[in-house]
Amino acid sequence: MSGGKDSTATALLAIELHGREGCRFVFADTGNEHEATYEYALGYLPQTLGVEINVVRASFDDEFATKRANLARIAAGEPESAVYGARQFQYAWTQEAAARALELLQPTGNPYLDMCMLKGGFPSRKRQYCTEYLKRNPITEYQLGLIDDGYAVESWQGVRADESASRRWLPSYEHRGGFYSVYRPILRWGVEDVFEAHAAAGIRPNPLYRQGMSRVGCMPCINAAKAELREIARRFPQHIERISEWERLVSAVCRPRSPVSFFHLGTQGHSGTSSTVWHVVEWSKTTRGGRQYDLLADAASATACASEYGLCE
């Protein structure tokens with residue numbers, strides 16, 4: 001139960017077929033969600049549907065202890081090769097940088113930020129490990145706990161084939177042995193079917209879908225479209241400020257000279273300057289490949305209804 005349209009439609013179908021008592025609903029808190037999504041997934045949905053939402057969060061305490069121990073050895077003068085063996089890195093730690101990182105490298109309690117501090121950077125489209133570490137792993141641990149308690153678990157996943165090319169070949173059902181199987185009940189649904197299921201059950205969609213968002217998981221998501229990022233900056237600038245602060249903190253605890261930016265444009269942004277989330281926000285306001293600003297981008301009020309799915313009509 002992410003608070004998105006697809007997981008909500010999946011939950012509605014599960015309740016219809018199996019009843020509330022036969023279902024468990026799990027929200028994986030990434031620490032990078034919009035407050036409206038928290039209110040929707042953990043307030044509106046359980047109250048309206050009459051269900052309990054179980055919240056899981058990734059913890060990286062053991063990983064922090066290991067990384068701090070390694071940095072302490074480098075800060076004390078041990079060569080990096082003695083700490084990491086024969087592994088090759090593009091950028092090398094210095095004693096001074098390791099000591100500085102050691103002062104700041106502490107668990108924050110925010111799963112997304114903690115993950116990025118340990119990884120020395122942010123996820124990217126090619127290295128999209130955030131889903132694995134922040135959602136799949138904690139939910140899998142929750143499911144294994146149910147199996148250990150004697151339950152057979154059928155994991156319902158709200159994914160649709162038309163969301164990406166990699167999902168078009170997914171099977172609807174997989175029995176993975178023992179007491180565990182995976183079911184994707186809306187795999188062949190279209191987006192219209194998803195919102196029709198909301199309407200039929202009298203459930204309103206996440207309000208972010210009426211505020212220019214095509215996706216509501218993470219705020220922002222590393223896969224945010226250009227127009228979506230522009231809307232986020234207009235409507236929710238506090239979230240851009242938060243990401244900017246995360247960039248500064250992650251940069252301070254990673255290897256010297258490592259390019260760190262939320263949207264992974266390397267060391268150079270669209271306009272030839274250093275790439276930070278603010279530079280990408282400025283690019284999101286442009287047209288013609290970033291060569292000129294879109295003069296009509298702010299024609300509508302930042303509070304006006306805007307929906308990629310036609311929810312404002």
The range 214-232, subset over 14 Å from the mean Cα position of the chain (by Cα), crowded, with 20+ Cβ neighbours inside 10 Å and not charged (D, E, K, R), residue nearest to G3 (Cα to Cα): I232
Residue that is farthest from Y209 (Cα to Cα), among those in the range 17-42 that are outside any helix (DSSP H, G or I) and of a type in the set (V, I, T): V26
Which residues, counting only those in the range 84-101, are closer than 21 Å to S251 by Cα and of a type in the set (A, V, I, L, M)? A92, A97, A98, A99, A101
Search the range 71-87 for residues that are surrounded by 14 or more Cβ atoms within 10 Å (Cβ to Cβ) and pair each with any residue that is part of a loop (DSSP other than H, G, I, E, B) when their beta-carbon atoms are under 7 Å apart and the residues are at least 6 apart or on different chains. L71/L105; I74/W93; E80/A92; E80/W93
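Suppose the filter is more than 24 Å from I139 (Cβ to Cβ) and β-branched (V, I, T); does V194 pass it? Working first, answer last.
On the way: more than 24 Å from I139 (Cβ to Cβ): no; β-branched (V, I, T): yes.
For V194, the condition - more than 24 Å from I139 (Cβ to Cβ) and β-branched (V, I, T) - is not met.
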Give A69, A86 a once-over and let me know the one that is part of a loop (DSSP other than H, G, I, E, B), outside the structural domain of E16 (by TED's automatic domain parsing) and at negative phi. A86
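Kindly provide the set of residues from the range 208-218 that are in a loop (DSSP other than H, G, I, E, B) and either in contact with a Leu (Cβ under 8 Å, 6 or more places away or on another chain) or under 22 Å from R168 (Cβ atoms) (or both), ordered by number.
Quick first cut of the range 208-218, residues in a loop (DSSP other than H, G, I, E, B) only: 212-218.
Selection gives S214, R215, V216, G217.
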Identify the single condition in (1) under 18 Å from I186 (Cβ atoms); (2) buried (at least 19 other Cβ atoms within 10 Å of the Cβ); (3) over 15 Å from the mean Cα position of the chain (by Cα) that Y40 does not satisfy, given that it satisfies every other one. (1)
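How many residues does the range 207-235 hold that are in contact (Cβ under 8 Å) with a residue 12 or more places away in the chain and closer than 19 Å to D162 by Cβ?
Step one: filter the range 207-235 for residues in contact (Cβ under 8 Å) with a residue 12 or more places away in the chain, giving 207-220, 222-223, 226-235.
The next check asks that each one be closer than 19 Å to D162 by Cβ; those that pass are 209, 213-217, 223, 228.
So the count comes out to 8.
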Which number in (1) under 22 Å from the mean Cα position of the chain (by Cα); (2) within 15 Å of P207 (Cβ to Cβ); (3) in contact (Cβ under 8 Å) with a residue 60 or more places away in the chain marks the one condition that E35 misses? (3)
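The values are calculated or read from the model by the stated rules, or taken from the named source; none is laboratory data. Every value quoted in this text rests on a predicted model; they were computed, and no experiment measured them. Ideal geometry is used to build each Cβ from the backbone, glycine not excepted, and the neighbour counts take in all protein chains shown.
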